[in-house]
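Colleague: Have a look at the structure that comes next, please.
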Amino acid sequence: MRDAPADLLTFFFADLESSTRLWERFPDAMKGAMERHDEILREAVNGAGGRVVKVTGDGLMAVFGSPSAAVAAALEAQRELQRETWGETGPLRVRMGVHVGVAQQRGLDFFGPPVNRTARLMAAAHGGQVLLSADAARLADRLPAESGLRDLGEHRLKDLAEPEHIFQLTHPELLSDLPPVATLSERPNNLPTQTSEFLGREIQLSSIRDLLDAARVRLLTLTGPGGIGKTRLALQAAANQIDRFEDGVFFVDLSPVRDREAVFQAVVRAVGVSASTDEPPLAVLKEALRSRRLLLVLDNFEQVMEAVGGVSELLQQCPELKALVTSREALRVRGEHLFPVPPLALPHGGPITAELVVDYDAIRLFVERAREVQPSFALTDENAPAVAHICARLDGLPLAIELAAARLTLFSPDELRRRLDRGPEVLRGGPRDLPERQQTLQSMIDWSYDLLQDDERDVFRLLSVFVTARLEAIETVAASLERLRRVDVVERLASLVDKSLLRSADERGQRRLSMLATIREYAAKRLTEEPELAAAARRAHAEYFCEFARSRRDLLYGPEREAALDELGDELGNLLAAWRYWVEEREPERLNSLLDGLWVLNDDRGWYHATIELANDLLGVLSAVPSTPARLQEEIALRTSLARGLLAIRGYTAEAEANYDRALTLVEQTGDLPQRAPVVRSLASFYFYRGEFDRSAALGRELLKLAEERGDTTLQVDADLVYGASVAFLGDVTGGMEHVDRAVDRFDPRQ
């Protein structure tokens, strides 16, 4: 025996058995009991030279320099817990696990497979029991006096990874008459061993556990689009439930099954029930499972919906049976409880550094899968932004992230990010042991698309022209298309939501429908396969949002301004899509319908760069259509507004001056005196703020002349202000202040 090498750490987990039940029965007494419980554990850890890393519910995690020290702490804690007089709660039984490994450290915390493995090892123990992994047992060569290790053999822990050889710490003062450890090896099951570790989703696993624990929940369906990780989540949730179903947990893969009878034949085979060839498999199951406490995991149910009635019958006839189903759509039977599986958690906004994003499940999955193909890969401050972008670009879909991480054999994270921005085609060549449909992202979505009816496919493709949408918008656009005019769009949308191809969310009291970006890209690609439908859909969408923007235009200048701005903000993605369409079509009238709303929204939000882009787009369109007096006046106004926008953000003074000069040139071409005044006024202010007071004074004199010719009091106020201030800064303070005072005297706040 030898001590652990320097790069290994020993991890120790402890957890109070039946803590939920104790808190429910003795809420007051448990407060004092837990204080003493925590004190005992901390003293034992500190006394053996360890460090408490964090509290985990009603337990803790600690780290030691050697397994021997961890074992000494575990023994001391168990002895003190047994010696304590606990009063009303009765003895507190704590289960413990010890494992060694190389883990990643961030600050004072640790993460990675060894940490997770230790937690699973602890979960297999009973209250009062200490379990060690084979590596921890091999390296623990200085056991406390009278202690020993009992070989419990190989067991599959609840993480579904390879079996672990487990040892139990023995001592005369420790409990010895204990049930078999709570592992997969001790209960009937056929849960497949997984070649990679399950990461994250602690919140979802906890929610599924609580639902399956509830007596009222007999049928729980995990729904979500392909690639979101329903199967892997269901397997892990089932493994966590192994000690709650004394007759076992059984997994049934329905992906190769195509008819109702075959579904129940597959269940018969999975559970291991003997059946004659004459008896229907459903009848066999009803009889065999009538009194058994068992969990069935029915995977990929979406393609065998005709078997729903049989599942319902089976649950009615077998009161101790529960079913955990994965499906891209709900089964829609009485008693079904739905659990929509969300994408993996992603960072949102803020700075991107390795330390700030590594806790997010999507990032963790990418990093762990990247290490499988490139063992030296590490998340750093340099590559973290690219990794975060990749995971966000893939919507936090586990399958897509795993396919992307596998591409690190060819690309750096930044190169992979750039390729993904051009399209998801790079995500090919998944593991050969996966079903064919899971070896590329497109084939995974193909699987869902192929199950749609023809009119569902038409609505699905149409949705790709929307960013997100209200039902009214989709209905209106669909009604304008010949292909969809007679389709019940509401029913088809409901079906697509059920099939997890469309998401529905409440935003400020309204339902909005949206697709994951990867699914929307797929739908857009399918739409291009029918050029006529694609062209009609894009135009109908652009026309709808032109009218939408036009209908809100007057509201922007009245008491309903804020509500109108909120509506425009909700539809910003669609408005910009419509804008791009009309830019391509070179239709300035349509663009003008959109311009006011977008311009005011950008100004209200301070999005000056966006304002500049709008002006440049429209100027480009105007330059490509025949010039008319109205077009020239429009360009003058645009040039002036564009220059103001450029001035609102620093570093664009040359471009601002060029646009003012172009606007003045156009004014001279049109000979439009009223149009000249706002341009000169803006240009004078521009030179004043740039400190070119001689030029602003010259333009101020021109403004005074224009104001006098037009008899415009407001313009006279502006002219006196800019001219007076410029003259004052040039040294004639007295003369300048005379003009400023005149402006003050003329100012009428009612104008």
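Colleague: Please determine, in degrees from 0 to 90 and to the nearest 10, the orientation of helix 531-553 with respect to the longest principal axis defined by the Cα atoms of the chain, where the helix direction is its Cα long axis.
Modeller: Tilt relative to the chain: about 70 degrees.
Colleague: What accessible area per residue, rounded to a whole number of Å², is obtained for the chain using a probe radius of 1.4 Å?
Modeller: 45 Å²
Colleague: Further question on the same structure: Mind checking the full-extension length gain between Glu84 and Asp210? Use 0.36 nm per residue of separation minus the Cα-Cα distance, one decimal, nm.
Modeller: Result for the pair: 42.2 nm of gain on full extension.
Colleague: To continue, here is another question. Carbon and sulfur: what percent of the chain's accessible surface (1.4 Å probe)?
Modeller: Ligands and nucleic acids excluded, carbon and sulfur reach 49 percent.
Colleague: Can you list the trypsin sites (Lys or Arg not before Pro) in the range 170-216 that are in a DSSP coil and have 11 or fewer other beta carbons within 10 angstrom?
Modeller: Listed in order of number, the matching sites are Arg216.
Colleague: Using alpha carbon centroids, what distance separates the range 545-565 and the range 508-524, in Å?
Modeller: About 24 Å separates the Cα centre of the range 545-565 from the one of the range 508-524.
Colleague: Could I ask something else about it? Please go through the range 437-516 and write out the trypsin sites (Lys or Arg not before Pro) that DSSP classes as loop and that have at most 14 other C-beta atoms within 10 Å.
Modeller: Arg485, Arg486, Arg508
Colleague: Going through the range 108-183, which GluC sites (Glu not before Pro) have at most 16 other Cβ atoms within 10 Å and a DSSP loop state?
Modeller: Glu146, Glu173
Colleague: Give the value in nm², to one decimal: projected area of the alpha carbon convex hull of the chain, averaged over all directions.
Modeller: For the Cα atoms of the chain, the hull's average projected area reads 44.9 nm².
Colleague: Still on this structure, please answer the following. Treating cross-link reach as a plain straight distance, find the lysines whose alpha-carbon is under 21 Å from the alpha-carbon of Lys286, omitting any fewer than eight places away in the same chain.
Modeller: Counting by Cα, and skipping residues close in sequence, Lys286 has these lysines nearby: Lys322.
Colleague: Now a separate question. Take the alpha carbon atoms of the range 122-143, find their center, do the same for the range 219-268, and report the distance between the two centers in whole angstrom.
Modeller: 32 Å
Colleague: Now a separate question. Name the residues whose placed amide hydrogens come within less than 5 Å of the amide hydrogen of Glu164, ignoring near sequence neighbours (fewer than 5 apart) on the same chain.
Modeller: Amide H neighbours of Glu164, under 5 Å, 5+ apart: His155, Arg156, Leu157.
Colleague: May I pose another question? Using just the helices of the chain, give the 222 nm mean residue ellipticity in deg cm²/dmol: DSSP H runs with n ≥ 4 each add -39,500 (n - 2.57), and the total is spread over all residues, rounded to 500.
Modeller: -16500 deg cm²/dmol
Colleague: According to the Kirkwood expression over distinct Cα-Cα pairs, how big is the hydrodynamic radius of the range 8-55, in Å?
Modeller: Value: 12.2 Å, from the Cα pair sum.
Colleague: For Lys158, give me every one of the lysines with a C-alpha distance below 18 angstrom, ignoring sequence neighbours fewer than eight places off in its own chain.
Modeller: In chain and number order, the partners are Lys230.
The values are calculated or read from the model by the stated rules, or taken from the named source; none is laboratory data. Here the structure is a predicted model, which is why all the values come from computation and not from measurement. Glycine also receives a Cβ, built like all others from the backbone with ideal geometry; neighbour counts cover every protein chain displayed. Note: accessible area is taken over every heavy atom of the protein model, side chains too, but ligands, DNA and RNA are not part of it. Shrake-Rupley method; radii C 1.70, N 1.55, O 1.52, S 1.80 Å.
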